[in-house]
Amino acid sequence: MRPCDRNVAGLTCLAVMADLSLYLDHDLPDARAAQIEAHVSACQQCASFGAAFAELITQVQERLREPDPVPADVESRLKARLLVRT
Ligand SMILES: [Zn+2]
């Protein structure tokens, strides 16, 4: 049996991977979310993968929420450049 075919707490790792994104978005029914939590708490492979995946999602969401601050002088420098060209 391959590691990803392991059945822990009634779910295979493949099933957990398939629902991981929905789980992190809180889009799963409570019963399904509880099954995934039970699996992950007993499955080191999914726990480490899930943690890395969740970290990535969190970073992307933070990136989307908070765009890099634009230095205050960028706008005036851009305008100066554009004015030089025209
Ligand atoms: Zn697993």
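Could you check, for segment 48-71, whether at least one of its residues is surrounded by 10 or more Cβ atoms within 10 Å (Cβ to Cβ), touching a residue at least 24 places away in the same chain (Cβ under 8 Å) and touching a Cys at 6+ places or on another chain (Cβ under 8 Å)?
no
Does GLN44 qualify as being more than 12 Å from the ligand (Cβ to nearest atom) and either polar (S, T, N, Q) or under 16 Å from the mean Cα position of the chain (by Cα) (or both)?
Judged against the criteria, GLN44 is not a match.
With the requirement that a residue be exposed (fewer than 14 other Cβ atoms within 10 Å of the Cβ) and in contact (Cβ under 8 Å) with a residue 24 or more places away in the chain, what does segment 19-31 give you?
Answer for segment 19-31, where residues must be exposed (fewer than 14 other Cβ atoms within 10 Å of the Cβ) and in contact (Cβ under 8 Å) with a residue 24 or more places away in the chain: just SER21.
Among the residues of segment 3-35, count how many are away from the ligand (no atom under 12 Å from the Cβ) and more than 16 Å from ILE57 (Cα to Cα).
Selection size over segment 3-35: 7.
Checking the conditions here, which among VAL8, VAL16 is more than 19 Å from the chain's Cα centre (by Cα) and open to solvent by less than 60 Å² (accessible area, probe 1.4 Å)?
Being more than 19 Å from the chain's Cα centre (by Cα) and open to solvent by less than 60 Å² (accessible area, probe 1.4 Å) holds for just one of VAL8, VAL16, which is VAL8.
If the requirement is being part of a helix (DSSP H, G or I) and over 12 Å from the mean Cα position of the chain (by Cα), which of these qualifies: GLU55, GLU62, GLU37?
None of the others qualify; the one that does is GLU37.
Do you know which of the residues in segment 65-86 that are under 34 Å from the mean Cα position of the chain (by Cα) and not in a loop (DSSP other than H, G, I, E, B) is nearest to LEU24 (Cα to Cα)?
Restricting to residues being under 34 Å from the mean Cα position of the chain (by Cα) and not in a loop (DSSP other than H, G, I, E, B), the top hit is ARG65.
The values are calculated or read from the model by the stated rules, or taken from the named source; none is laboratory data. Only a predicted model underlies this, so the values are computations on that prediction, with no experimental measurement involved. With ideal geometry, Cβ positions are generated from the backbone for all residues, glycine too; neighbour counts draw on all protein chains shown. These accessible areas exclude ligands, DNA and RNA; they are computed on the full protein's heavy atoms, side chains included. Shrake-Rupley method; radii C 1.70, N 1.55, O 1.52, S 1.80 Å.
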